[in-house]
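A.B. asks: To start, I am sharing the structure in question, which I have written as structure tokens.
The values are calculated or read from the model by the stated rules, or taken from the named source; none is laboratory data. All figures in this text were calculated on a predicted structure; none of them were measured in a lab. For neighbour counting, all protein chains shown are included, and Cβ atoms are generated from backbone atoms with ideal geometry for every residue, glycine included. Surface areas here come from the heavy atoms of the whole protein model, side chains and all, with no ligands, DNA or RNA. Shrake-Rupley method; radii C 1.70, N 1.55, O 1.52, S 1.80 Å.
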Amino acid sequence: MKIQKGAKPPVIAAIDVGTNSFHLVVASIDSRDMLNVVTRDREMVRLGSGAADMKYLQEDAIERGVAAIKNFVQIAKSEKAFIRAVATSAVREAFNRHIFIDRVREETGIDIEIVSGTEEGRLIYVGAMYAVPIYASKALVIDIGGGSTETIIGSKGELIHVNTEKIGAIRLTQRFFENGIS
């Protein structure tokens, strides 16, 4: 996205609707295509649950998720940001995901995009390139989420390999630690 000289940089809000936590990053893009973070936030929502497939979003989890997104939308609107919300493993797998997505749309006006595991990996790699100086090197990026783990190999902005597995912190905790971790 090229910015004309003298033009005010656009402000973008990214909402990551994860299995365990939701993240918000509000940033502007300068004339050199660099991100300048304006603000960020995180809420532990625990949208997904289950040791195997996460087939259903529970009502209390949906309530927590809608509340978190409402909060994030307020923050983003206060910065006059364009908002993009992306959902990953828990929403991707849930048979009743439409209930959550419809509620968010009705209550906030935000359309949540459900991404594939491969697209999730691509977005993780792009984010890692902005956070860590890895662009010029071949890099292995591993993201362990609540519901899935993405393994990405990239070089100079190009993806070489992306793999996603249904192995995440929530799944492993519920599978191997019946009473949680103390």
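A.B. asks: Does the stretch 124-133 include one or more residues that are over 19 Å from LEU35 (Cβ atoms), surrounded by 14 or more Cβ atoms within 10 Å (Cβ to Cβ) and among the hydroxyl-bearing types (Ser, Thr, Tyr)?
C.D. replies: No, the conditions are met nowhere in the stretch 124-133.
A.B. asks: Okay, next question. May I ask you to verify whether ASP60 is without any contact (Cβ under 8 Å) to a residue 60 or more places away in the chain and over 17 Å from the mean Cα position of the chain (by Cα)?
C.D. replies: Numbers: without any contact (Cβ under 8 Å) to a residue 60 or more places away in the chain: yes; over 17 Å from the mean Cα position of the chain (by Cα): yes.
Yes.
A.B. asks: Also, quick follow-up: Go through the residues of the stretch 96-109 one by one and say whether even a single one is within 30 Å of PRO133 (Cβ to Cβ), under 17 Å from the mean Cα position of the chain (by Cα) and not in a loop (DSSP other than H, G, I, E, B).
C.D. replies: If we filter the stretch 96-109 for residues that are within 30 Å of PRO133 (Cβ to Cβ), which is where we start, we get none.
No, every residue in the stretch 96-109 fails to be within 30 Å of PRO133 (Cβ to Cβ), under 17 Å from the mean Cα position of the chain (by Cα) and not in a loop (DSSP other than H, G, I, E, B).
A.B. asks: Please tell me if ARG46 is among the charged types (D, E, K, R), under 26 Å from PHE176 (Cβ atoms), in contact with a Leu (Cβ under 8 Å, 6 or more places away or on another chain) and open to solvent by 10 Å² or more (accessible area, probe 1.4 Å).
C.D. replies: Numbers: among the charged types (D, E, K, R): yes; under 26 Å from PHE176 (Cβ atoms): yes; in contact with a Leu (Cβ under 8 Å, 6 or more places away or on another chain): no; open to solvent by 10 Å² or more (accessible area, probe 1.4 Å): yes.
In short, no.
A.B. asks: Could you list, in sequence order, the residues of the stretch 92-123 that are touching a helix residue (DSSP H, G or I) at 6+ places or on another chain (Cβ under 7 Å), without any contact (Cβ under 8 Å) to a residue 40 or more places away in the chain and exposed (fewer than 15 other Cβ atoms within 10 Å of the Cβ)?
C.D. replies: ASP111 - this is the single residue of the stretch 92-123 that is touching a helix residue (DSSP H, G or I) at 6+ places or on another chain (Cβ under 7 Å), without any contact (Cβ under 8 Å) to a residue 40 or more places away in the chain and exposed (fewer than 15 other Cβ atoms within 10 Å of the Cβ).
A.B. asks: Being assigned to a helix (DSSP H, G or I) and under 15 Å from the mean Cα position of the chain (by Cα) is the filter here; which residues of the stretch 110-129 pass it?
C.D. replies: Of everything in the stretch 110-129, those that are assigned to a helix (DSSP H, G or I) and under 15 Å from the mean Cα position of the chain (by Cα) turn out to be GLY117, THR118, GLU119, GLU120, GLY121, ARG122, LEU123, ILE124, TYR125, VAL126, GLY127, ALA128.
A.B. asks: Pick out the one residue from ALA27, ALA61 that is among the small types (Gly, Ala, Ser), in a strand (DSSP E or B) and either modelled with pLDDT of 90 or more or surrounded by 14 or more Cβ atoms within 10 Å (Cβ to Cβ) (or both).
C.D. replies: ALA27
A.B. asks: Continuing with this model, one more query. Look through the stretch 134-182, keep the residues that are at positive phi and over 20 Å from the mean Cα position of the chain (by Cα), and return whichever of them is modelled with the highest pLDDT.
C.D. replies: This residue is LYS156.
A.B. asks: Do we have any residue at all in the stretch 80-103 that's in contact with a strand residue (DSSP E or B) (Cβ under 6 Å, 6 or more places away or on another chain), basic (Lys, Arg) and over 20 Å from VAL37 (Cα atoms)?
C.D. replies: Scanning the stretch 80-103, I find at least one residue that is in contact with a strand residue (DSSP E or B) (Cβ under 6 Å, 6 or more places away or on another chain), basic (Lys, Arg) and over 20 Å from VAL37 (Cα atoms), so the answer is yes.
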